[in-house]
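Here's the structure we're looking at; comments come further down.
We did not get these values from a lab; they are worked out from the coordinates using the rules stated. Nothing here was measured: the structure is a model prediction, and the numbers come from that model. All Cβ positions, glycine included, derive from the backbone under ideal geometry; neighbour counts span all protein chains shown.
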Amino acid sequence: WAAASRGGSVAGSDRDATKADGCRRNLEHAGVAFESVGVRDASRDALPAASDADCAVLNLPWGEKVRQTHGENDRILANVAAHLRSGTPVACLATDGDGRDWGRLGYELERAADVTPGTSKRGKASFDGAATCYLLRVR
C-alpha cells in the first residue's frame with residue numbers, strides 16, 4: 001500500500017499458490033493497484049519484477065507454519081540480492097537472522113530492530129517468540 005500510494009508499483013510472490021491468491025485478494029480489497037503477484041520459489045526462481053524495484057520487503061519463512069529446509073532463508077536472501085540493483089534498500093523480517101553473514105549474501109546490514117509478539121483480534125499472539133526487522137542495502 002505504501003509504495004502504491006506514492007506512485008510505485010507493487011509486485012510479490014509466494015511459493016504457496018493459496019498465499020499468493022490471498023495476497024492478491026487483500027490488495028484488491030484495499031484498492032491497491034499491483035503489477036503482479038505470482039507463485040515463485042524465491043530461493044531459486046527468477047524474480048523479474050525485482051530488477052526494477054526501488055525497495056523490497058521480505059517476510060522469510062519462520063518455521064512455525066511453513067517447513068524450512070536447511071539454509072533455505074539464506075538461499076532466498078542471496079537470490080533476491082542477485083536480482084536487485086546495488087544500493088536497493090531491503091526490509092527483512094526474520095526469526096533466524098542472528099549471526100547471519102549478511103555480506104556473504106550480498107547485503108550491508110544498516111540496522112536491526114526487535115519485534116515482539118502482538119495479539120490478534122482473538123487475543124492470541126500473532127506469532128510465538130520474537131522476530132527482528134533487518135534494514136539492509138544490496139551491495
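Key figures
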| item | result |
| --- | --- |
| At 1.567 mPa s and 4 °C, Stokes D of region 1-97 from Kirkwood alpha-carbon radius, µm² per second | 92 µm²/s |
| Long-range HN-HN contacts of Gly38 with modeled amide H, under 5 Å | Gly12, Ser13, Asp14 |
| Trypsin sites (Lys or Arg not before Pro) within region 1-107: DSSP coil, no more than 12 neighbouring Cβ in 10 Å | Arg6, Arg44, Lys65, Arg67, Arg85, Arg104 |
